[in-house]
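The values are calculated or read from the model by the stated rules, or taken from the named source; none is laboratory data. Computed from a prediction, not measured in an experiment: that's the story for all the values here. Backbone-built Cβ (ideal geometry, glycine too); neighbour counts: all protein chains shown. Heads up: the accessible areas ignore ligands, DNA and RNA and are worked out on the full protein's heavy atoms, side chains in. Shrake-Rupley method; radii C 1.70, N 1.55, O 1.52, S 1.80 Å.
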Amino acid sequence: MNRKYRILIAMVLALAASGALAAAWTLLASVPASRVTTSGTAAIGGPFTLVAEDGKTVTDQTYRGKWLLIFFGYTYCPDACPTALNNISVALEKLGPDADKLQPLFVTVDPHRDTREVSGDYLKPFDSRIRGLTGSQDQVDSVVKEYRVYVAQQKSESEEGDDYLVSHSAYIYLMGPQGKFVNVIQGNEAGPEIAAWLRKQMTQSKT
């Protein structure tokens, strides 16, 4: 992948994180399609404090020594989230013993509805190694900002206000054992391809 392409993708992520989604799509349209993406040297990731589905408070330090595979989504997501979680589940199976080096995380972008109990139930059909993380709105907003995730809640049409969708970017983030950003891949990549990508990243990266 050439330098120009990496820079363009980095700009896309930054634009998306600031809410400039239309500009991001325009920029993406100017480069050749690719199923695996990277954001170059963009500063992605940072400290976080969230709550796991078992009620325990976890931070970025909790997982030091493990490669983190992080997907941001929500339990009411109609397609992108279940697709990504299924692909991650297949990838973990394909990795065999190498999967022990990873800690996959599903971080909600909708803490209002995604309590730890809801997140735990939602993840049951997927690989049991995927942990669901939620928290207060401020905690979730902080980690979303750190990872430059695009999130936009759509207006609810119900009187209760809980019947809404959330637009969000659908990348799977790979963080190194010391918490440094390594790379991203699209959530709709097939499981075997994610597994091959992970093997390559963990072998080549010095993070």
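Tabulated data for the structure shown
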quantity	calculated
Entries of Lys66/Lys200; Lys94/Lys200; Lys101/Lys180; Lys66/Lys124 with Cα pairs more than 19 Å apart	Lys66/Lys124
Listed peptides 185-193, 103-111 by packing density, highest first (mean Cβ within 10 Å)	103-111, 185-193
Cβ-defined net charge surrounding Lys145, 15 Å radius [Lys, Arg +1; Asp, Glu -1]	-3
Carbon + sulfur, % of accessible area of region 103-184 - ligands and nucleic acids excluded, 1.4 Å	44 percent
Long-range HN-HN contacts of Leu133 with modeled amide H, under 5 Å	Phe106, Val107, Thr108
Accessible area per residue, Å², region 80-177 with all protein chains present, probe 1.4 Å	48 Å²
Backbone N within region 90-114 under 17 Å of label point (7 Å from Ala196 Cα along the Cβ vector)	90-96
Label-point separation, Lys101 to Asn86 (7 Å along Cα→Cβ), nm	2.8 nm
Positive-end residue, region 86-200 charge dipole about Cα centroid, Cβ charges, pick of Ala190, Val140, Val118	Ala190
